[in-house]
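Structure first, then comments.
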Amino acid sequence: MISSLLPAAVNRPVDHVPVWFMRQAGRSLPEYRRIRGNGSILDTVRSAELAAEITLQPVKRYGVDAAILYSDIMVPLTAVNFGIEITQGKGPYVKEPFRSESDLARLRRLEPETDIPFVIETVKLVVEELRDSGTPLIGFAGGPFTVASYLIEGGSSKNYIETKTMMRADPSLFDRLMNNLAVMAVDFLTAQVDAGAAAVQIFDSWAGILTAAEYKRFVLPSVKLIMDSIAYFGVPRIYFALSASHLIDQIAVSGCDVVSVDWKMPLSTVKGQLQKSGNKLSVQGNLDPTYCFAPWDAIEKEVMRILMEGEGRGHIFNLGHGVLPGTDPEVLNRIVELVHSVTPGSLVGSV
Ligand code: CP3
């Protein structure tokens, strides 16, 4: 089956609804755990052969319509020596968080050829391997807000107090940080697209914690900067944030081609809202990742409901967030088979 991800991303007709899973590389795959070892993910991504193999594992096993680069949103920051550790089982840890003007000096411009040659090499290896099948590789970067939250908080956070306080106490410093991180994302994405990535996704997982007004003032300009800067390449741009239904109108004007939504809002509602703002953007999503632990009958019903909401056009099937550790790979396999078995024409007008 030839991938339909690229036409679906720009709302063109498809012969099947494309499907891939956020965080499909790693996490639940036994073949991943076998080759991964115990070190930090940062060591694994520095080996292009290993990272390429891990990127390809879910494509081989599931027959998904896209590969997603095995890397992390914090990789460019570690490459400019911001001082970040990622230990196994835990998220990023920043030894000296970003707290004042002087910390801007620690964020020098990324030079992909010398800072992240292993990412460029991984992309080339994967693209070469996928050439005959025509399966696209999705490159990615972290959204400036999500990356900023790790830099300012020093790691994962529950209430984002430091981040929100900086926004309110020193908006100009916060703006400069966001701008620097947007430029870094553009440099990171450009390197991946130059090496052969055929689509990109911005993971802005935590942007949904802001109000619509805060998002518009503090986040949208940097997201727009990224989208506009990479428009030149003509690759589809996917934008993902969790719990962001209150931000859809803003995301609609960010310049992205695809809005990836979590499971809390029906796809048909999101589609309707996007059309209202005059946009023909595609949508991605939105099976609750915990559904993968339910009995198959329940999963099947939910997948079919989501496919009908997607109407077989301008829809990329995915989870509403990443694959959870402990997910049975066989379930993901069956979901791919089910999505691929449905004729898109039979879904039109079914809502
Ligand atoms: O899950 C999301 O919300 C997506 C965005 C995101 C990524 N990394 C993308 C990613 C976020 C928020 C991160 C930060 C991060 N990095 C976390 C989450 C911490 C938190 O606050 O909840 C973690 C645990 C890491 C470290 C990390 N990243 C590991 C250990 C791995 C290897 C695979 C695994 O999950 O064990 C990654 C890979 C990773 N992070 C990918 C992406 C897109 C690679 C692609 C893939 O896994 O399919």
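The numbers here are math on the coordinates, done by the rules we state, and not lab data. Note that the coordinates shown come from a computational prediction; the quantities given were computed from them, not determined experimentally. Reconstructed Cβ throughout: ideal geometry from the backbone, glycine too, with neighbour counts over all protein chains shown.
Contact order, relative form, for the chain: 22 percent (alpha carbon pairs under 8 Å, 6 or more residues apart, mean separation divided by residue count). For the chain, take the longest principal axis of its alpha carbons; what is the angle in degrees between that and the long axis of helix 171-194, to the nearest 10 within 0 to 90? The two axes meet at around 50 degrees. Which lysines, on any chain, are close to residue 164 with Cα under 25 Å apart, when same-chain ones fewer than 8 places away are left out? Here the lysines satisfying the reach criterion relative to residue 164 are 90, 95, 216, 224, 264.
Projected over every direction and averaged, the convex hull enclosing the alpha-carbon atoms of the chain yields 16.0 nm². Projecting label points 7 angstrom from Cα along Cα→Cβ for residue 158 and residue 34 puts them 4.0 nm apart. Just tell me which aspartates and glutamates come within less than 20 Å, Cα to Cα, of residue 158; anything on the same chain fewer than 8 places away is out. Qualifying aspartates and glutamates at Cα under 20 Å: 85, 96, 204, 214, 262. Between 213, 252, 195, the GNM of the chain built on Cα springs shorter than 10 angstrom shows 213 fluctuating the most. Distance between the pseudo-spin-label points of residue 253 and residue 276 (7 Å out from Cα toward the beta carbon): 1.5 nm. Against the main long axis of the alpha-carbon atoms of the chain, helix 329-341 sits at an angle near 60°. Anisotropy class assigned to the range 1-81 is oblate, per the alpha carbon gyration tensor with a/c at or over the 1.5 cut-off and a/b no larger than b/c. At an R0 of 41 angstrom, the distance between the Cβ atoms of residue 228 and residue 297 translates into a FRET efficiency of 0.35.
In this structure, residue 343 and residue 168 have a Cβ-Cβ separation that, at R0 = 45 Å, corresponds to a calculated FRET efficiency of about 0.30.
For the chain, the residue among 73, 205, 123 whose Cα projects farthest onto the positive side of the dipole built from Cβ charges is 205. Within the range 206-223, list the residues whose amide N lies under 20 Å from a label point set 7 Å along Cα→Cβ of residue 264. Label zone hits: 206-220.
Using just the helices of the chain, give the 222 nm mean residue ellipticity in deg cm²/dmol: DSSP H runs with n ≥ 4 each add -39,500 (n - 2.57), and the total is spread over all residues, rounded to 500.
It lands at -13000 deg cm²/dmol.
Can you find, among 37, 295, 136, the residue sitting farthest towards the positive end of the charge dipole of the chain, where Lys and Arg contribute +1 and Asp and Glu -1 at Cβ? Farthest towards the positive end: 295. When both bridge partners sit in the chain, DSSP labels roughly 10% of those beta bridges antiparallel. In a fully extended conformation the segment linking residue 88 and residue 213 would gain 41.4 nm over its present Cα-Cα distance, using 0.36 nm per residue. Straight-line reach from residue 124: taking Cα to Cα under 15 Å and skipping same-chain neighbours fewer than 8 places apart, the aspartates and glutamates in range are 49, 53, 113, 132, 194. The dipole here belongs to the range 5-346: it is taken about the Cα centre, uses +1 on the Cβ of Lys and Arg and -1 on the Cβ of Asp and Glu, and is about 600 debye.
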